[in-house]
Amino acid sequence: MKRPPRTHRVVAVVAVVTLVLPAVLRESALSVYILLELAAIVTVGVSLLMGYAGQVSLGQAAFYASGANAAALLSLHGFPTGIGLLVAPIVAAVFALIVGIPLLRLRGHHLAFATLATQLIYLSMVGRMHLTGGDIGLQGIPPLTLGPFVLHADRNYAYLAWAALALVVLITHNVMTSRPGRALRALATSEVAAESSGVPVGRYKLAVFALAAGFAGLAGGIYAFYVGYVAPGSFPVLLSFEYVVMAVVGGLGTIEGALVGAALVTVVVQSLNQVATLGGMPSYAPIVLSYAAYSGLLIVAVLFLPQGIVDKERLRALATRWRARWTTPR
Amino acid sequence: MLRIEGLSRPFGGVYAVRNVSVDVADGELRGIIGPNGAGKSTLFNLISGHLRPTQGRITLRSERIEGLSAHERARRGIAIVFQGARIFRGMTVRENVMVGAHARTRHGFLDAALRTPLHKREEREIRQSTDAALERVGLADWADRYAEALPLGQQRTMQVARALCGEPALLLLDEPASGLRARERHELARLIEGLRGGGLTIMLIEHDVQFVSNLADRLTVLNLGEILAEGAPEEIRRNDDVITAYLGREPAP
Ligand SMILES: Nc1ncnc2c1ncn2[C@@H]1O[C@H](COP(=O)(O)OP(=O)(O)OP(=O)(O)O)[C@@H](O)[C@H]1O
Ligand SMILES: [Mg+2]
């Protein structure tokens, strides 16, 4: 009998476990789980940008925020909430296209700073605008209603985020294993050779920037309905760093890396949060500890695991060994 | 096939290519020779679109192309193998070559995400023509290695396969034989002959005059950015100007 490929079995196991989790987790753990899923959605996009297309974004939380704001605004103005969720990724992607046209002329550190600046500008604009509720933000966002289902319980949002993450993973996988994905990976190391193979480098860079922003916008939309309010303070610059740390720690350029990175960093930071909010801790302890955790993880990853935890080479070697073991006649 | 008229491109006041006109017939193999810094690679970059000329016209199959970008020219059938190894690191040899098919295929992000019939059809075809191209250049055994793991000579050969995978109408080869061993050079020469036999129009830059002379229908000699001579290989090798400029010695009395 032919065995299903190893990756298929791993995917099946992970899918089952992550689907069972919301049913068994306690409430506080469930909210961590949902935030983890949302972070994973954004991180898959960041990993796509950084690992495949060679672009760095330190402003990904701005796209997340724009999705959240779009979803919140539409549903507060009487549109069906389902429309709000659908529009969230579109608004984020369009936002990315608009800022991407001038920004993507930059590379490396310059691009990183420019995306960071984009987020700062976005936050200060949203914080001043009456439409978006200023610094207080938008409150009283109705729960998401999809057909006959009204999503009240946290558990529902866990499953919604799960489905969104699965969609994002599927899209990324499909794109990366075909013509446009190869073109992206190609232009990351040689734009000149990619151009001369017929790849419209500028347009492709913009497309992947918008795609990653769309992922972030989708996560932001879910976040808005789940939490019920969005304020500029919900999307600090630290959040953008978090996504980059997750992508780097997990290993750039792999979907698995993004997922593992998001899971690990979320769990570590949340655990530290528990410690930081114990009695007797100063009020600034959580923020200080999370900065420490991000930088610590980043340094450890860069020094000791340059390919991230999910090291493709290492895994490939491992996989070949296993395959050899199974295919040798006994 | 290709007509170049009065093409010029200076770098900081010094012309790398100056008032160059070349006509390459359909199916011709044109050799380009000239000393270091003569402007050969610059001429190729002007043809492939990586550089824009300040003056002059380039016509490919009766279409003016000097205003088009490199990827648009690739779609019109121009493929280039660069002098340096320009490979896609972190991708296997097969994947590198598959990128070459980009110019003649069209499924995009949406097709890929939705796995449309167009995507499936094109992917299958790309895979087949890639394997054929790898077979043709003799790299089939290396297909699953990372491109950066290849020796320099094979990286160059891989670029030839990448160019072929795009099924070009005009193939620009910038010193493809450099870095190859004698046996590999011989195989490359046979490959180029085969391609020409298949009707492909080729321009070949090469330092080894013997090597190009055996392959080319005509030679164009560049010196200091200008055309010094043009003609059949035998004529060129008897040309006194060429001997002086290119071989750097006085013609035999
Ligand atoms: N991007 C550039 N910027 C400035 N000068 C350049 C550039 N590219 C080429 N040149 C100059 O143009 C001239 C022609 O260079 P080119 O590379 O075309 O020569 P070549 O004939 O290909 O030489 P070789 O045989 O060494 O490859 C040289 O003097 C070179 O220094
Ligand atoms: Mg050159």
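Yes or no, residue by residue, for (1) among the small types (G, A, S); (2) at negative phi; (3) more than 16 Å from ligand 1 (Cβ to nearest atom):
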{"site": "B:V99", "(1), (2), (3)": "no, yes, yes"}
{"site": "B:T105", "(1), (2), (3)": "no, yes, yes"}
{"site": "B:H119", "(1), (2), (3)": "no, yes, yes"}
{"site": "B:E125", "(1), (2), (3)": "no, yes, yes"}
{"site": "B:A143", "(1), (2), (3)": "yes, yes, yes"}
{"site": "B:A182", "(1), (2), (3)": "yes, yes, yes"}
{"site": "B:L188", "(1), (2), (3)": "no, yes, yes"}
{"site": "B:G197", "(1), (2), (3)": "yes, yes, yes"}
{"site": "B:M203", "(1), (2), (3)": "no, yes, no"}
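Just to be sure I understand the filter: pairs with C-beta atoms under 8 Å, separated by 6 or more residues or on different chains, first member in segment B:3-30 and assigned by TED's automatic domain parsing to the domain that holds B:L51 and under 15 Å from B:R57 (Cβ atoms), second member within 16 Å of ligand 1 (Cβ to nearest atom) and of a type in the set (F, W, Y). Which pairs pass?
These pairs meet every condition: B:S8/B:Y15; B:R9/B:Y15.
How about segment A:281-311: which of its residues are modelled with pLDDT of 80 or more and not in a helix (DSSP H, G or I)?
Across segment A:281-311, the qualifying residues are A:P282, A:S283, A:Y284.
For B:L222, state whether it is crowded, with 16+ Cβ neighbours inside 10 Å and within 20 Å of B:I78 (Cα to Cα). So that I can check it myself, show each step before the final result.
Values: crowded, with 16+ Cβ neighbours inside 10 Å: yes; within 20 Å of B:I78 (Cα to Cα): no.
Taking the combined requirement at face value, the residue does not satisfy it.
So, in segment B:92-133, exactly how many residues are surrounded by fewer than 23 Cβ atoms within 10 Å (Cβ to Cβ) and among the aliphatic types (A, V, I, L, M)?
5
In this structure, is A:A263 assigned to a helix (DSSP H, G or I), aliphatic (A, V, I, L, M), in contact with a Leu (Cβ under 7 Å, 6 or more places away or on another chain) and more than 14 Å from chain B (Cβ to nearest Cβ)?
On the way: assigned to a helix (DSSP H, G or I): yes; aliphatic (A, V, I, L, M): yes; in contact with a Leu (Cβ under 7 Å, 6 or more places away or on another chain): yes; more than 14 Å from chain B (Cβ to nearest Cβ): yes.
Against the criterion (assigned to a helix (DSSP H, G or I), aliphatic (A, V, I, L, M), in contact with a Leu (Cβ under 7 Å, 6 or more places away or on another chain) and more than 14 Å from chain B (Cβ to nearest Cβ)), A:A263 qualifies.
Which of the residues spanning segment B:92-110 are part of a loop (DSSP other than H, G, I, E, B) and touching a Pro at 6+ places or on another chain (Cβ under 7 Å)? Talk me through it step by step, then tell me what you get.
At the first step, the residues of segment B:92-110 found to be part of a loop (DSSP other than H, G, I, E, B) are B:105-108.
B:G108, the sole residue that qualifies.
Among the residues of segment B:49-83, how many are within 10 Å of chain A (Cβ to nearest Cβ), within 20 Å of B:M158 (Cα to Cα) and within 13 Å of ligand 2 (Cβ to nearest atom)?
The total comes to 3.
Could you please find all residues in segment B:73-91 being surrounded by fewer than 21 Cβ atoms within 10 Å (Cβ to Cβ) and in contact with a Pro (Cβ under 8 Å, 6 or more places away or on another chain)?
Matches in segment B:73-91: B:G77 only.
Inspect segment A:163-171 for any residue being out of contact with any helix residue (DSSP H, G or I) (no Cβ under 6 Å at 6 or more places or on another chain) and either more than 14 Å from chain B (Cβ to nearest Cβ) or among the acidic types (D, E) (or both) and give the result as yes or no. Give the steps one after another, and end with the answer.
As a first pass, look at segment A:163-171 and keep what is out of contact with any helix residue (DSSP H, G or I) (no Cβ under 6 Å at 6 or more places or on another chain): A:163, A:166-167, A:170.
Subset that is either more than 14 Å from chain B (Cβ to nearest Cβ) or among the acidic types (D, E) (or both): A:163.
Yes; the residues of segment A:163-171 include at least one that is out of contact with any helix residue (DSSP H, G or I) (no Cβ under 6 Å at 6 or more places or on another chain) and either more than 14 Å from chain B (Cβ to nearest Cβ) or among the acidic types (D, E) (or both).
Given A:V249, A:V230, which one is away from chain B (no Cβ under 14 Å), touching a residue at least 24 places away in the same chain (Cβ under 8 Å), touching a Leu at 6+ places or on another chain (Cβ under 6 Å) and more than 30 Å from A:D135 (Cβ to Cβ)? Give the steps one after another, and end with the answer.
On the way: A:V230 fails: more than 30 Å from A:D135 (Cβ to Cβ).
None of the others qualify; the one that does is A:V249.
Starting from segment A:193-210, keep only residues that are within 20 Å of B:I47 (Cα to Cα), then list their pairs with residues that are of a type in the set (S, T, N, Q) and part of a helix (DSSP H, G or I) whose Cβ atoms are within a distance under 7 Å, requiring at least 6 positions of separation or different chains.
Taking only residues 6 or more apart or on different chains, the pairs are A:S196/B:S48.
Could you grab me the full set of residues in segment B:184-236 that are under 16 Å from the mean Cα position of the chain (by Cα) and of a type in the set (S, T, N, Q)?
Within segment B:184-236, B:T201, B:T220 qualify.
Quick check on segment B:164-179: of everything there that is out of contact with any Ser or Thr (no Cβ under 8 Å at 6 or more places or on another chain) and more than 16 Å from ligand 2 (Cβ to nearest atom), which residue is nearest to B:R86 (Cα to Cα)?
B:L164
When you check B:L46 against the structure, is it within 16 Å of ligand 2 (Cβ to nearest atom), within 14 Å of chain A (Cβ to nearest Cβ) and not in a loop (DSSP other than H, G, I, E, B), yes or no?
On the way: within 16 Å of ligand 2 (Cβ to nearest atom): yes; within 14 Å of chain A (Cβ to nearest Cβ): yes; not in a loop (DSSP other than H, G, I, E, B): yes.
Against the criterion (within 16 Å of ligand 2 (Cβ to nearest atom), within 14 Å of chain A (Cβ to nearest Cβ) and not in a loop (DSSP other than H, G, I, E, B)), B:L46 qualifies.
Of everything in segment B:4-29, what is buried (at least 16 other Cβ atoms within 10 Å of the Cβ), under 23 Å from B:L68 (Cα atoms) and more than 8 Å from ligand 1 (Cβ to nearest atom)? Give them in sequence order.
Within segment B:4-29, the first condition is being buried (at least 16 other Cβ atoms within 10 Å of the Cβ), and the residues that meet it are B:4, B:7-9, B:15-18, B:20, B:22, B:24, B:28-29.
Next cut, under 23 Å from B:L68 (Cα atoms) only: B:4, B:7-9, B:15-18, B:20, B:22, B:24.
Selection gives B:I4, B:L7, B:S8, B:R9, B:Y15, B:R18, B:V20, B:V22, B:V24.
Given the condition more than 15 Å from ligand 1 (Cβ to nearest atom), outside the structural domain of B:Q155 (by TED's automatic domain parsing) and either over 18 Å from B:R162 (Cβ atoms) or buried (at least 22 other Cβ atoms within 10 Å of the Cβ) (or both), answer yes or no: does some residue in segment B:45-55 qualify?
Taking segment B:45-55 first, the residues more than 15 Å from ligand 1 (Cβ to nearest atom) are B:55.
Of the ones still in play, those that are also outside the structural domain of B:Q155 (by TED's automatic domain parsing) are B:55.
So of that shortlist, the ones also either over 18 Å from B:R162 (Cβ atoms) or buried (at least 22 other Cβ atoms within 10 Å of the Cβ) (or both) come out as B:55.
The answer is yes; a qualifying residue exists.
Say whether the condition of being part of a loop (DSSP other than H, G, I, E, B), within 25 Å of A:E191 (Cβ to Cβ) and out of contact with any Ser or Thr (no Cβ under 7 Å at 6 or more places or on another chain) is met by at least one residue in segment A:68-83. Even if it seems obvious, please write down each step before you answer.
To start, the set of residues in segment A:68-83 that are part of a loop (DSSP other than H, G, I, E, B) comprises A:77-80.
From the residues that got through so far, the ones that are within 25 Å of A:E191 (Cβ to Cβ) too are none.
No, because not a single residue in segment A:68-83 is part of a loop (DSSP other than H, G, I, E, B), within 25 Å of A:E191 (Cβ to Cβ) and out of contact with any Ser or Thr (no Cβ under 7 Å at 6 or more places or on another chain).
Pick out the one residue from B:R30, B:R73 that is modelled with pLDDT of 95 or more and assigned to a strand (DSSP E or B).
Working: B:R73 fails: assigned to a strand (DSSP E or B).
Within the list B:R30, B:R73, the selection yields B:R30.
For A:E256, state whether it is away from every other protein chain (no Cβ under 14 Å) and either more than 30 Å from A:T132 (Cβ to Cβ) or not in a helix (DSSP H, G or I) (or both). Walk me through it before giving the result.
Details: away from every other protein chain (no Cβ under 14 Å): yes; either more than 30 Å from A:T132 (Cβ to Cβ) or not in a helix (DSSP H, G or I) (or both): yes.
Taking the combined requirement at face value, the residue satisfies it.
Of the residues A:R6, A:R105, which single one is of a type in the set (K, R) and touching a residue at least 60 places away in the same chain (Cβ under 8 Å)?
Details: A:R105 fails: touching a residue at least 60 places away in the same chain (Cβ under 8 Å).
Residue meeting the stated conditions: A:R6.
The values are calculated or read from the model by the stated rules, or taken from the named source; none is laboratory data. These numbers come from a predicted model, not from an experiment. Every residue, glycine as well, gets a Cβ built from its backbone with ideal geometry; the counts of neighbours run over all protein chains shown.
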